[in-house]
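Reviewing the structure listed below.
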Amino acid sequence: MPMLQSLKKLEIGGINGTLLKSLMMNATILTSLWINEVDELTDLRLQNQKHLDSLTIVSSTLESLSDMLDNLSTLKHLELESCSQLESLPAGLQNISSLKTLDLSQCDSLVSLPANGLQGLLSLSSLRIQNSKKLASLSEGLLYLTSLRDLLINGCPELTSLPESIQHLSSLRSLRIWSCVRLISLPNEIQHLNLLSQLEIKYCCNLTSLPQGVWSLTALETLEIEGCPHLKRQCKKERGED
């Protein structure tokens, strides 16, 4: 397939994994790859994709990324959507030092983020985790994400707390926590987020109070609280309202 040697963007879905592998052998200068519901993805190798900038995988059958992400030294954007059988992220994720955005959506079997699998992501600026029904822990691995500016956690009903290591997110500007119905506390270490300018907490109905450290966030410009009855009472008390 010589015509594919100039291909830079590939969006493909509903085919057999064998055909995709054949395509990938010829298309070696891809910058963007979007894979939607392709069978037999587990043994797909992308090592020859030396120019890949963006990778999106939508797969209800993918159980493991295995070695798929190895040697993707130019990858900046990774999105995993509706990977409902994926239980963990690969250790090799930490080797993608160029990665800037990581979006995880509807990964219903994902229980936690890898404790050591984040330590190489020194360029990561945006982490968004949405609608992951079993996610119970963000792990202490957050401490390595010193370039992270945007953290969104949405629709994770098993999450009960955030790790103390959140204090090491020294570049964080925006923290948004939505629809985490079992979240009961935030760490007081949040006070060390000196650059945090936006804090949104919405529909976390069991969160009973904000840590005192929140009131020490001198860079905070926007505080939005919605659907959190306990927090609204606390905020009124802090402002001296009845």
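Every read-out reported here was derived from the displayed coordinates using simple, explicitly stated rules and does not represent laboratory data. Worth saying up front: this structure is predicted, and the values here are computed from it rather than measured. Because the Cβ atoms are built from the backbone with ideal geometry, glycine has one as well, and the counts that use them run over all protein chains shown.
Considering only 116, 192, 136, the residue lying farthest towards the positive end of the dipole of region 110-241 is 136, judged by Cα position with unit charges set on Cβ. Against the chain, whose longest principal axis is taken from its Cα atoms, helix 17-26 shows a tilt of about 70°. The simple Förster model, with R0 at 35 Å and r as the Cβ-Cβ distance, assigns residue 32 and residue 205 a FRET efficiency of 0.35.
Each label point was placed 7 Å from the Cα along the Cα-to-Cβ direction; for residue 136 and residue 48 their separation is 4.3 nm. Close amide-amide hydrogen proximity is noted between residue 34 and 10, 11, 12, 56, each under 5 Å apart and 5 or more residues distant or on a separate chain (H modeled in the peptide plane; Pro and chain starts excluded).
Every helix of 4 or more DSSP H residues in the chain counts as -39500 (n - 2.57), and over all residues that averages to -2500 deg cm²/dmol at 222 nm. Counting 0.36 nm for each residue step from residue 147 to residue 79 and taking away their Cα separation leaves a gain of 22.6 nm. The share of alpha-carbon pairs in the chain lying farther apart than 26 Å comes to 42%.
Estimated at 0.36 nm per residue, the fully extended path between residue 64 and residue 87 surpasses their Cα-Cα distance by 7.5 nm.
Between residue 202 and 177, 178, 179, 226, the built amide H atoms are under 5 Å apart, and every one of these is 5 or more places off in sequence or on another chain.
Computed from label points 7 Å out along Cα-Cβ, the spacing between residue 182 and residue 71 is 4.1 nm.
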